[in-house]
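The values are calculated or read from the model by the stated rules, or taken from the named source; none is laboratory data. If you're wondering where the values come from, they're calculated on a predicted model, not measured in any experiment. Here the Cβ is made from the backbone with ideal geometry for all residues, glycine too, and neighbour counts use every protein chain on show.
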Amino acid sequence: MPRSAFRRLAVQPLIDAVLAALFPVAGGMALAAALGGDPAGAAFGLLAALAVTLLLILPALAVGTALGTLAGAWAGLAPRSMAGLFGRLLGSAGPWLPGFLLAALTMLAVRSGASVAPLAWAALALPAACQAARLARPAMDRALDSGTVRMAQGLGLDGRAVLRHYALPAAVLPVMGGFRNAVLAALTGAVVLENLLGLPGAGALLIDAARGGSAAALPPLAGLCGLTAFLATLGMAARDWFDPLGRAVR
């Protein structure tokens, strides 16, 4: 692939994600400027709060989704191995790990002297990992029984190459297809964590304004909608990247 084409494929999803978030975030900043006594300070204060929320969510989603996908795929590939058992445990634990419970446990741990950032990231990453493992495991089972993988194996291709180029992408696709649900769950957890831990994010701004019954809740709400669109668009771009048919078209 030419270097210019590779750069275009690498940069275009980020551009699409920024464009998806641009209108709601800009609208939220405009509302904050109109409702605040200091227009510029209110607008950039909302932008800073959104940056805090993004820094809280994005690493947790990335790490949780990646680890959960690998664990779930391994559970389909070698279900009786230690990694496979871990993937099965993650996939089955998802419904029993609500975000608000993890947020409450995180608050108790922080009050006991633990560091805020690692625990907050772990609390948001764990539900994403559980969902990814739950989706990746059956997808890997279907991929291993598919005609494409059997044909590749019958042609004498290396087993690792077959897993890397055919089975693993097939396991990743449903995870990325459900990434929007993971984003919504992470945003809900982030709002709870910001309020319980006193973090200066957009979720804390939203809850503080909502408690006072103020129209100031509208700017952070619009900003969080833009953040949702940004992360969901990145997830769709990742799904297209892992899709073998999409790569063939590109």
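What the table shows:
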| quantity | calculated |
| --- | --- |
| Condition broken by P59, with the remaining ones in (1) part of a helix (DSSP H, G or I); (2) over 29 Å from L199 (Cβ atoms); (3) modelled with pLDDT of 80 or more; (4) of a type outside the set (A, V, I, L, M) satisfied | (2) |
| Scan of the stretch 162-218 for residues that are closer than 25 Å to L55 by Cβ, out of contact with any helix residue (DSSP H, G or I) (no Cβ under 6 Å at 6 or more places or on another chain) and free of Cβ contacts under 8 Å to residues at least 24 places away in the same chain, ordered by number | G198, D208, R211 |
| Residues being surrounded by fewer than 16 Cβ atoms within 10 Å (Cβ to Cβ) and either under 22 Å from the mean Cα position of the chain (by Cα) or among the β-branched types (V, I, T) (or both) - total across the stretch 159-175 | 0 |
| Within the stretch 184-239, considering residues that are charged (D, E, K, R) and buried (at least 17 other Cβ atoms within 10 Å of the Cβ), the one nearest to A62 (Cα to Cα) | R239 |
| Residue in the stretch 119-142 that is among the aromatic types (F, W, Y), more than 26 Å from F230 (Cα to Cα) and either modelled with pLDDT of 90 or more or surrounded by 14 or more Cβ atoms within 10 Å (Cβ to Cβ) (or both) present | no |
| Flag for V63 being under 30 Å from A143 (Cα atoms) and of a type outside the set (S, T, Y) | yes |
